[in-house]
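Quick notes on the structure that follows.
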Amino acid sequence: MVPSAESYPSALQSRYVAANPRSKALFERARSSFPGAITHDIRFLEPFPIYIERANGSRKWDVDGHEYVDGFMGHGALLLGHNHPEVVAAVQAQLAKGTHYGASHELEVRWAELVRELIPSAERVRFTASGTEATHLAMRLARAYTGRTVIVKLEGHYHGWHDQVEAGVQPPYDVPISIGIPKATLDTVLVVPANDLGAMERALSSRRDIAGILLEPGGGSSGQYPTTKAYLEGLRDLATRHGVVLIFDEVITGFRFAPGGAQAYHGVTPDLTTLAKILAGGLPGGAVAGKAEIVDRIAFTGDAEHDRFRRVAHAGTYNANPLSAAAGIAALSIVKTGEPHRKANAAGERLRRGMLDIVRRQGLEGRVEVFGETSIFNYNLKVRAADGTLAPAPVRAYHALRLGMIEGGADIPAKHGWLSAAHTDADIDRMLAAFDHALASMREERIL
Ligand code: PLP
């Protein structure tokens, strides 16, 4: 049954409201300050989100005193867990020395050296303040380098919130994910179906204005729309043959799929790579890395005519800020060992396997899909439509699942989440018990 509006608020929701009075009070207070009372689209949760007070390792605690195993892990930034001691020590030491010099400093040099050491495509690095800024800059670089305008992106792939990448993120793919974007901007981006080399070949062969191909090499929307090594290899070949810049957006996969990101994991090297999240050890930060001949378009040469008219301009108050650099160096020095990946991937494997077992045991095959790779878990909910066919579940079903998980002591995002090296077997077992409880509660209420 497709849940009707009347089937919510559910018993799950009533219990949630009763258990979280302080979160509810903060939500009510936040209403007058924030649109919809929240500060990030992903934090939208009916009837209100939980408010977190502190976090450590794999866990976080809310203002009502509940403890959760965290499946958000800083939106994927915290591969090492919350407050890794070496990251904390590096940030604390740097804090006493200054948070912003408005000048070059040694930490940025070391940070970039680590990126170059780890990421196969990284001949040069330019730091930004976020992943959104990184994809924005990468697109500009591709256009400057080729002298062409259009960037091809893939259906279902997410690259941040700037205007150009809001096309083709969610179905229906011909409608951007946000209003307020000029058509002229959307015309500079061509959206093609993912995993379809024929469609990409046709796009590249039929027009002369394509500057680059931008994609998530771990699959669209953090692996929600999986991809394959063969597809990435095909794209590499097409990009080379057509002289377009291949851009891997590794904001999620960078340093997570492997110390060298999805490009090392799959053995396919792009021309440009965008990075953020794990890059800065849980603090804000991003980067574009890639071929020197492309990234060097940013460099001043001292030739006044070149520097004024033939250069890619790029500023940003928080580029390579010392705190992020200190955290990033500490984090990447640990990432380099490959040890966090062994632990986080094992946690991912255990979670996905356990979730699938629960789905089978509860007889929900087809209605709950569980998949994912490395330390990322993905899931989809389906509901039976009036005509008996299975259809994507409404947002509210994901909210119900989240409420059930929260009640069971685990906080996970809708559709996909991220694990860390701090997640133990006991953490995963607790997440699984919460998942079991959430699905059972949803069945009880005929939401699933
Ligand atoms: N690219 C990908 C693949 C992402 O997942 C994200 C954010 O989740 C971004 C870009 C945007 O990064 P940020 O949120 O740091 O702006």
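The values are calculated or read from the model by the stated rules, or taken from the named source; none is laboratory data. Nothing here was measured: the structure is a model prediction, and the numbers come from that model. Virtual Cβ from ideal backbone geometry, glycine too; neighbours counted across all protein chains shown. Areas reflect the complete protein model, heavy atoms only, side chains present, ligands, DNA and RNA absent. Shrake-Rupley method; radii C 1.70, N 1.55, O 1.52, S 1.80 Å.
Numbers for the structure displayed
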item	result
Over the range 350-448, relative contact order from alpha-carbon pairs under 8 Å, at least 6 apart, %	30
HN-Hα J in Hz across the range 20-35 - Karplus 6.51, -1.76, 1.60, θ = phi - 60°, x for Gly and Pro	10, x, 6, 4, 4, 5, 5, 4, 4, 5, 5, 3, 7, 9, 10, x
C-alpha center-to-center spacing [the range 202-252, the range 366-393] in angstrom	26
For the chain, alpha-carbon Rg over 2.2 N^0.38 Å	1.00
Size of charge dipole - the range 87-134 - debye, nearest 20, with Cβ of Lys, Arg +1 and Asp, Glu -1, no other charges	60
Convex hull of the range 1-106 built on C-alpha atoms - directionally averaged projected area, nm²	10.6
Under 17 Å from the Cα of LYS291 - lysines, other chains or at least 8 residues apart	none
Whole-number D in µm² s⁻¹ for the range 349-444, Kirkwood Cα-pair radius fed into Stokes-Einstein, 37 °C, 0.692 mPa s	243
The chain - charge dipole about Cα centre, Lys and Arg +1 at Cβ, Asp and Glu -1, debye rounded to 20	160
³J(HN,Hα), Karplus 6.51/-1.76/1.60, whole Hz, each residue of the range 324-335, x for Gly, Pro	5, 5, 5, 5, x, 5, 4, 5, 5, 5, 7, 3
Low-density loop cleavage sites - trypsin sites (Lys or Arg not before Pro) in the range 183-248, where at most 15 other Cβ are within 10 Å (DSSP)	ARG207, ARG208
With eigenvalues of the C-alpha gyration tensor scaled by 5 and rooted, the range 340-383, Å	22, 11, 4
Subset of LYS183/LYS277; LYS60/LYS97; LYS60/LYS277; LYS229/LYS277; LYS153/LYS229; LYS382/LYS415 violating a 21 Å alpha-carbon distance limit	LYS183/LYS277; LYS60/LYS97; LYS229/LYS277
Using distinct alpha-carbon pairs, which all enter the 1/r mean, Kirkwood radius of the range 80-233 in Å	18.0
LYS343 accessible area, 1.4 Å probe, all protein chains in place, Å² to nearest 10	100
Mean residue ellipticity (222 nm) of the chain, computed from DSSP H runs ≥ 4 via -39,500 (n - 2.57), nearest 500	-12000 deg cm²/dmol
Percent carbon-and-sulfur accessible area, the chain, ignoring ligands, DNA and RNA, probe 1.4 Å	54
Neighbourhood charge, 15 Å Cβ-Cβ cut-off, centred on ILE329 and excluding it, Lys, Arg +1 and Asp, Glu -1	-1
Solvent-accessible heavy-atom area per residue, rounded to whole Å², over the range 1-142 at 1.4 Å	51
Loop-located GluC sites (Glu not before Pro) in the range 279-366 whose Cβ has at most 13 other Cβ within 10 Å (DSSP)	GLU365
Summed side-chain charge close to ALA292 - residues other than ALA292 whose Cβ falls under 13 Å, Lys, Arg +1, Asp, Glu -1	+1
DSSP bridge pairs, the chain: antiparallel proportion in percent, nearest 5	65
Ratio of the Cα radius of gyration of the range 69-156 to 2.2 N^0.38 Å, where N counts its residues	1.41
Relative pair counts by distance (%), Cα atoms of the range 51-95, 10 Å bins	28, 48, 24, 1
The range 321-448 - accessible surface per residue (Å², probe 1.4 Å)	37
For ILE213, residues with placed amide H under 5 Å, excluding near neighbours	VAL152, VAL245, LEU246, ILE247
